[in-house]
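Working notes for the structure below.
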Amino acid sequence: MAKVIFTPWKEQSQLLVVRNQFYPPPLYDGPDLRSKACATVSAWKMRGNLPHPVEATALLTDAILHDDAQKNSIFSIRATYAAAFCRFVTGLVDSKLGGQRRTMFQRALDLGLPASFVELRHEATHRELPSLTVLRNASQRSLEWLWDYYWAKTEFAADFGAQRVPVEAGSEGVAEGDEDEDEDDDDEGEVDLEPIKSALRGTLQQVVADGEDQQQPPRKKRKVQQHLSAVTAEVVSMCRSSGRGVSALSSVLVEDALLVPAGRRMGDSMVNQFVKWDPLLQMIADAQPTFLSSLTEELADALALTTRPKDAKTDPRCEGVYMWLDHILGSAQWESRRRLVSYAYMLAVCEQSGNHWTESLKERLAERQDEGVPSFEGEELGRSTPSSRAMHIQSIPMWTGKGNNYAYLVTDEPTKQSVIIDPANPPEVIPELESQIKAGKIDLTAIVNTHHHWDHAGGNNELLKTFGKLPVIGGKDCQSVTQTPGHGETFKIGDRISVKALHTPCHTQDSICYFMQDGDQKVVFTGDTLFIGGCGRFFEGTAPEMHKALNETLAALPDDTKVYPGHEYTKGNVKFCLAVSQSEPIKRLDAFAEANQETQGKFTIGDEKLHNVFMRVNDPEIQKKTGKTDPVEVMAALREMKNAM
């Protein structure tokens, strides 16, 4: 007996029209009809029985159409993206949906929904709104996933129209036998991918052929680079021609023995493979942000779904696949792109399928906790288990809109012992300190200064009048200084926080940065020596001194050390960086600065090495822009260029 399914559209062809408005065919060159599709779906919503994927597609598309900074505020754009994305994910994986009660992560795994979507949904719902760049990428990935999950199958549903039983207007009947045919949709979809896979194989074979002669003479390097760019453009074009193009590319790279050669033996080096494929893969990842997540998920699947799990440890292919993942997760070449990796998905795969290599991958991912890899304790995937934390840092903005300074209150939570760093404007700092002292939250033990300028150390005397005799730790010229630690000298705040003084003379000759560590928490307070995306003026020093301060002293700190500068200058700094380099890390910093008022503590020393041109003085791109090759001369030229802006 036929089963009746009510739909808000009268004919399947109406759904296909809307689908083509949301996802225009590759050769379509007519007007943009996405807003019309959104309006149609809005009308269908009022009729009832609207499938969630259709509603989600409309909401995500509407968010993209809303993305116009000339008409809407950045906050409004972020909020619209976040609302659409959260509704899309929640409607699929909400633990309160019918059926057996399962966690959001389990439902996502069942549906093939990237676990990173659940993680991002949790962040957008319970924490700060993600950056605009993250939300844009997530929305685009969501639309691509919805194509695979729902829209690509509407064509097959239309093919079975002869078996449907017409019912009242606005509904249609589906025979029970259709359910079995729906189960085969994935197989049909796989067949559909063959043309694009075949085309990708042909294009990628050019890289294989080029790689057979890796000893290129210097005069041919430019031609090789031009050829690689052309291959990248062709591959990206194929990926964008289909909602499943990125998935097809990842599948070809892994399944066709391109990344891991078919004749590989255990213990063979993979260095030549990395050299051959890294440039192309990175160019694709830069042009198609969803690619790296798809590729790493495909590699993780290859480890988990090996046909010989008991023999996986001695399987040369599994070893090669693991080495690729280890390379992407750990090498400097991939550092700026690792934010695009779906850590949660890989962890989920490791949890579900245990063998030698998935266990090794799980250990490797555990080392990346500083990049936001979640644990699996708690019902929702996004609920990570924080590491033990005893150091608390509170930013106190001062002269907002003018000097945009920061004072910082650093507290050892077990003992409540605290220091206040650069409390230059007492009217804005003293009330906060008095409130916390009165509430028993802190025990103020010292004033710490990064240098003697009045907008950093000028409030010392007023604080001493208010809070009594306190040590003043800072450079020799700081107001009322009592202690000047030597370079590399250490002291403690409370029981847990260790502090190391780092002399960084240039902005002033008494400039000191303070590196603090509490367990796995690492931070550095840099005053006016290092800013997010910039550095201080050379008021009392020279280019060699600033080069040493940034690229020797501070660059030697662990890459995961968070940076707390003395001023909020990021928007101005990133404008200069963009004038020097259009690299992806700088573009990401620009997007973050546009979407966030404050950037202190949001970036690390490792980030600065990527987006701060003053820490890229050995980079050929920066050297070419300045016309200098000596790092010190590059530093001097950059500072002159920045001063002239």
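The values are calculated or read from the model by the stated rules, or taken from the named source; none is laboratory data. It should be emphasised that the depicted structure is a prediction, and the values quoted were computed from it without experimental measurement. Here the Cβ positions follow ideal geometry from the backbone for every residue, glycine too, while neighbour counts run over all protein chains shown. Surface accessibility is based on the protein's heavy atoms, side chains included, excluding ligands, DNA and RNA. Shrake-Rupley method; radii C 1.70, N 1.55, O 1.52, S 1.80 Å.
How about the stretch 549-562: which of its residues are touching a residue at least 40 places away in the same chain (Cβ under 8 Å) and not small (Gly, Ala, Ser)?
If the condition is that a residue be touching a residue at least 40 places away in the same chain (Cβ under 8 Å) and not small (Gly, Ala, Ser), then 550, 551, 553, 554, 557, 558, 559, 560, 561, 562 are the ones that fit.
Quick check on residue 463: is it part of a helix (DSSP H, G or I), open to solvent by less than 50 Å² (accessible area, probe 1.4 Å) and touching a helix residue (DSSP H, G or I) at 6+ places or on another chain (Cβ under 9 Å)?
Taking the combined requirement at face value, the residue satisfies it.
Among the residues of the stretch 573-631 satisfying the criterion of being assigned to a helix (DSSP H, G or I) and acidic (Asp, Glu), which is nearest to residue 545 (Cα to Cα)?
Within the stretch 573-631, the match that is nearest to residue 545 (Cα to Cα) is 608.
Restricting to helices (runs of 4 or more DSSP H) lying wholly in the stretch 261-354: which have 3 or more residues that are among the polar types (S, T, N, Q) and open to solvent by less than 40 Å² (accessible area, probe 1.4 Å)?
Result: 290-304.
Just to check your reading of the model, which residue among 55, 123 is open to solvent by less than 40 Å² (accessible area, probe 1.4 Å), of a type outside the set (A, V, I, L, M) and more than 17 Å from residue 591 (Cα to Cα)?
55
Here are the criteria: (1) farther than 17 Å from residue 143 by Cα; (2) open to solvent by less than 20 Å² (accessible area, probe 1.4 Å); (3) at pLDDT 85 or above. Tell me which single one residue 76 does not satisfy.
Failed condition: (2).
Please enumerate the residues belonging to the stretch 466-487 that are open to solvent by 30 Å² or more (accessible area, probe 1.4 Å) and either touching a residue at least 40 places away in the same chain (Cβ under 8 Å) or assigned to a helix (DSSP H, G or I) (or both).
466, 467
Taking only pairs six or more apart or across chains, which ones have beta-carbon atoms under 7 Å, a first residue in the stretch 194-207 that is open to solvent by 70 Å² or more (accessible area, probe 1.4 Å), and a second residue that is modelled with pLDDT of 85 or more and in a helix (DSSP H, G or I)?
201/252
Being under 22 Å from residue 55 (Cβ atoms), modelled with pLDDT of 80 or more and part of a helix (DSSP H, G or I), is that true of even one residue in the stretch 101-119?
yes
Checking residue 26 against (1) farther than 25 Å from residue 247 by Cβ; (2) out of contact with any strand residue (DSSP E or B) (no Cβ under 8 Å at 6 or more places or on another chain); (3) at pLDDT below 90: exactly one of these is not met. Which one?
Going through (1) farther than 25 Å from residue 247 by Cβ; (2) out of contact with any strand residue (DSSP E or B) (no Cβ under 8 Å at 6 or more places or on another chain); (3) at pLDDT below 90 one by one, residue 26 breaks only (1).
Working carefully through the options 590, 619, 607, find the one that is more than 29 Å from residue 397 (Cβ to Cβ), at pLDDT below 95 and open to solvent by less than 60 Å² (accessible area, probe 1.4 Å).
Testing whether each residue is more than 29 Å from residue 397 (Cβ to Cβ), at pLDDT below 95 and open to solvent by less than 60 Å² (accessible area, probe 1.4 Å) leaves just 619.
For the stretch 434-458: of the residues being assigned to a loop (DSSP other than H, G, I, E, B), under 27 Å from residue 413 (Cβ atoms) and modelled with pLDDT of 95 or more, which is nearest to the chain's Cα centre (by Cα)?
Selected residue: 450.
For every residue, the table says whether it meets (1) surrounded by fewer than 18 Cβ atoms within 10 Å (Cβ to Cβ); (2) of a type in the set (Gly, Ala, Ser); (3) part of a loop (DSSP other than H, G, I, E, B); (4) not assigned by the TED database to the domain that holds residue 555.
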{"residue": "424", "(1), (2), (3), (4)": "no, yes, yes, no"}
{"residue": "431", "(1), (2), (3), (4)": "yes, no, no, no"}
{"residue": "495", "(1), (2), (3), (4)": "yes, no, yes, no"}
{"residue": "499", "(1), (2), (3), (4)": "no, no, no, no"}
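So which of 446, 439 ends up being without any contact (Cβ under 8 Å) to a residue 24 or more places away in the chain and among the aliphatic types (A, V, I, L, M)?
When all the criteria are applied, what remains is 439.
Just checking, does the stretch 376-393 include any residue being within 30 Å of the chain's Cα centre (by Cα), closer than 18 Å to residue 527 by Cα, modelled with pLDDT under 95 and not in a helix (DSSP H, G or I)?
Scanning the stretch 376-393 turns up at least one residue that is within 30 Å of the chain's Cα centre (by Cα), closer than 18 Å to residue 527 by Cα, modelled with pLDDT under 95 and not in a helix (DSSP H, G or I).
Taking into account only those residues within the stretch 524-558 that are of a type in the set (Gly, Ala, Ser), in a loop (DSSP other than H, G, I, E, B) and in contact with a helix residue (DSSP H, G or I) (Cβ under 7 Å, 6 or more places away or on another chain), which is farthest from residue 641 (Cα to Cα)?
For the stretch 524-558, the residue satisfying everything is 555.
Specify the residue that is nearest to residue 622 (Cα to Cα); the eligible residues are those in the stretch 541-583 that are of a type in the set (Asp, Glu) and surrounded by 18 or more Cβ atoms within 10 Å (Cβ to Cβ).
Ranking the candidates gives 545 first.
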